[in-house]
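Before any comments, here is the structure.
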Amino acid sequence: MNITTTSDGTTARITPRGDIDFDTLPPLRAAADTLPVQVTDLLWDLSHTRFMDIAGLHLLFTPAQPDGRGRRTMVTGLRPQPLRLLLPAADTNPATFDLARLLSDTPLTDFRQPAPEGPR
């Protein structure tokens, strides 16, 4: 796992290169935890992440802040498999897995597959 972090004022972007699982969760959390205190917006760029298991849900929806400060978390660059993990989680528990907040720049309808048509 290679992790690139950039920040500019109150915004930071963390770009992991590799899978997100329980082995890679600690360094990803460490990257977020070491951001400057003035960073209020965190963008996870997952364009180089082909696979994400439940550890990704923990990373995106239960960010551990050592000092308890709040930070707006967003995602960009979702690939098909991580998206297939996020959609059923949001369908099952939309209050916990709020995709509208996480994917604030992308309408959720862009991700939904049309329902199959019934027999004619």
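Read-outs: derived from the displayed coordinates by stated rules, not from any lab. Predicted, not measured: the structure shown is a model, and the values here were computed from it. Glycine also receives a Cβ, built like all others from the backbone with ideal geometry; neighbour counts cover every protein chain displayed.
Give, in nm to one decimal, the length gained when the segment between THR34 and LEU87 is fully stretched (0.36 nm per residue of separation minus the Cα-Cα distance). The partial results should precede the final answer.
Numbers: separation 53, 0.36 × 53 = 19.08 nm, distance 2.93 nm.
Result: 16.1 nm gained on full extension.
Can you give the net charge of the other residues whose Cβ lies under 12 Å from the Cβ of THR49, counting K and R as +1 and D and E as -1? Let's see the in-between values first.
Values: positive: ARG17, ARG50, ARG79; negative: ASP19, ASP21, ASP45, ASP53.
Taking every Cβ under 12 Å from that of THR49, the sum is -1.
So, counting K/R as plus one and D/E as minus one, what does the shell of residues with Cβ under 14 Å around LEU59 add up to? Walk me through the numbers on the way to the answer.
Working: positive: ARG29, ARG71; negative: ASP19, ASP21, ASP23, ASP33, ASP45, ASP53.
Residues close to LEU59 contribute a combined charge of -4.
If you wrap a convex hull around the C-alpha atoms of region 1-81 and split its volume per residue, what is the figure in Å³? Provide the component values of the computation, followed by the final result.
On the way: hull volume 6.3 nm³, N = 81.
Spelled out: Cα convex hull of region 1-81, divided by residues, is 78 Å³.
Count charges around LEU85 for me, please; just the other residues with Cβ under 14 Å from its Cβ, Lys/Arg as +1, Asp/Glu as -1.
On the way: positive: ARG50, ARG79, ARG84; negative: ASP19, ASP21, ASP53, ASP91.
Result for the local shell: -1.
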